[in-house]
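Novice: Questions regarding the structure given below will be posed in turn.
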């Protein structure tokens, strides 16, 4: 069966991106890391071997094309379903036909499921036995992290292949091929793409081959023919075809968490340029500004803390401004907050201290509050010793009094080690009088990196 005899490949009315879909692996551009010479997929195909795969990558990176080419190279029958519209009934039909094909012709069937992350658990479970017994070779395509979106049982029977956004060289090669190809491309239209227009087309594609070809086709079809019969495309023509760059961002997927991680680390590393860039990428890509504001508040308390006590009020003020104004006006409040956090001295001493406390709360006996710290509000309580021996700080010089505030099993334990950064240096001076009672004045973990906690929203 010729997989590329489909009308979309022959009909000049089909979109350019569909007509220019590679027909052989030799025509496939990019992704050398997975389909290059002597790579796993190349070696497997030479031996006629094909196994179930999950192709994970951004839009326009070649997932559907690669699935078709792999099926073609292995001489397997190719069936395609969209997880958006296909349910269990359609799947059962494909399975029945695959069983017949295997029994009568000994031919394997590749089932390609586009956007497989949209299948629910029942749908994913339904295909599992037929992947396991070899009735189907499953190739799923997804833009979402398979670790979160694909059932563990199905994922364990598939090899995950990560595709990257195409680089500028690959996008350029695809564009040039479409301009030259007279059979499937724009060759018969005599389209000429000026050098700076080509650079712009490649740049705004953001590694998405489909986006580049769609914009090129729109610009070419709208361009007038000059006296020589050419359609010359300049920067203005490409800008009009694109209208606005598609921001590479997904509100609920990996790019969302990668971008917030980049923003957080830019703030932690005191880089306002990086922080502003990732902030804008998120907001322009459609991120919930209140989510971003919450994360900025987290940055203020995790990475700055008492090194600059104004960091938290600044972040809270930005959150309130966004809540009041919305976007786009509120974006400036967030921008101001991240720049402030970047320039602020850094300390995670409170963050570390609270982590140590949580360890002890979780892993040590939760003993009662010591009697001298309890309020004696009734005669019975006083007779039981509540409040006995408590020393009222204001009765002592500088309101400093040495007494134990931890349960007996944790007596003498120290959690908070202030740094010498910013205002926290003054905090360290103010608490220095307590140091002689502590086992150490130095944070034992000060030189050990702390793993950044996953934001709760990541599930």
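The values are calculated or read from the model by the stated rules, or taken from the named source; none is laboratory data. All of these numbers come straight from a predicted model, not from anything done at the bench. With ideal geometry, Cβ positions are generated from the backbone for all residues, glycine too; neighbour counts draw on all protein chains shown.
Novice: Which one of these is surrounded by 20 or more Cβ atoms within 10 Å (Cβ to Cβ) and farther than 29 Å from residue 408 by Cα: 349, 335, 318? Full working, then the answer.
Specialist: Working: 349 fails: farther than 29 Å from residue 408 by Cα; 335 fails: surrounded by 20 or more Cβ atoms within 10 Å (Cβ to Cβ).
On inspection, the qualifying residue turns out to be 318.
Novice: Suppose the filter is modelled with pLDDT of 90 or more and surrounded by 18 or more Cβ atoms within 10 Å (Cβ to Cβ); does residue 263 pass it?
Specialist: So residue 263 passes the test.
Novice: Now a separate question. Can you find a residue in the stretch 289-303 that is modelled with pLDDT of 90 or more and over 30 Å from residue 419 (Cβ atoms)?
Specialist: Yes, there is a match, as at least one residue in the stretch 289-303 is modelled with pLDDT of 90 or more and over 30 Å from residue 419 (Cβ atoms).
Novice: Being free of Cβ contacts under 8 Å to residues at least 24 places away in the same chain and either in a loop (DSSP other than H, G, I, E, B) or more than 19 Å from residue 168 (Cβ to Cβ) (or both) is the filter here; which residues of the stretch 204-220 pass it? Quick ask: steps written out before the conclusion?
Specialist: If we filter the stretch 204-220 for residues that are free of Cβ contacts under 8 Å to residues at least 24 places away in the same chain, which is where we start, we get 218-219.
Selection gives 218 alone.
Novice: If you don't mind, another one. Select from the stretch 156-171 the residues that are in contact with a helix residue (DSSP H, G or I) (Cβ under 7 Å, 6 or more places away or on another chain) and either closer than 20 Å to residue 140 by Cα or at pLDDT below 90 (or both) and write down the one among them that is surrounded by the most Cβ atoms within 10 Å (Cβ to Cβ). Don't jump to the end; show me each part of the working.
Specialist: Initially, the stretch 156-171 is screened for residues in contact with a helix residue (DSSP H, G or I) (Cβ under 7 Å, 6 or more places away or on another chain), giving 157, 160-161, 163, 166, 168, 171.
Next, from what is left, pick out any that are either closer than 20 Å to residue 140 by Cα or at pLDDT below 90 (or both): 157, 160-161, 163, 166.
On the way: 157: 15, 160: 15, 161: 19, 163: 21, 166: 26.
Ranking the candidates gives 166 first.
Novice: Right, another one. For the stretch 1-28, give me the residue count where each residue is modelled with pLDDT under 85, part of a helix (DSSP H, G or I) and more than 15 Å from residue 70 (Cα to Cα).
Specialist: So the count comes out to 4.
Novice: Oh, and also: Name, by its number, the condition in (1) without any contact (Cβ under 8 Å) to a residue 24 or more places away in the chain; (2) surrounded by 19 or more Cβ atoms within 10 Å (Cβ to Cβ) that does not hold for residue 36.
Specialist: Against the list (1) without any contact (Cβ under 8 Å) to a residue 24 or more places away in the chain; (2) surrounded by 19 or more Cβ atoms within 10 Å (Cβ to Cβ), residue 36 comes up short only on (2).
Novice: Outside any helix (DSSP H, G or I), closer than 27 Å to residue 32 by Cα and modelled with pLDDT under 90: is that true of residue 228 in this structure? Write out each step before concluding.
Specialist: Working: outside any helix (DSSP H, G or I): yes; closer than 27 Å to residue 32 by Cα: no; modelled with pLDDT under 90: yes.
In short, no.
Novice: Related question: Hey, any hits in the stretch 85-100 for a residue that's closer than 25 Å to residue 27 by Cα, crowded, with 18+ Cβ neighbours inside 10 Å, in the same structural domain as residue 154 (by TED's automatic domain parsing) and within 30 Å of the chain's Cα centre (by Cα)? So that I can check it myself, show each step before the final result.
Specialist: Taking the stretch 85-100 as the starting set, the residues that turn out to be closer than 25 Å to residue 27 by Cα are none.
There is no residue in the stretch 85-100 that is closer than 25 Å to residue 27 by Cα, crowded, with 18+ Cβ neighbours inside 10 Å, in the same structural domain as residue 154 (by TED's automatic domain parsing) and within 30 Å of the chain's Cα centre (by Cα).
Novice: Restricting attention to the stretch 402-418, which residues are loosely packed, with under 11 Cβ neighbours inside 10 Å and on the phi < 0 side of the Ramachandran plot?
Specialist: Within the stretch 402-418, 402, 405, 408, 411 qualify.
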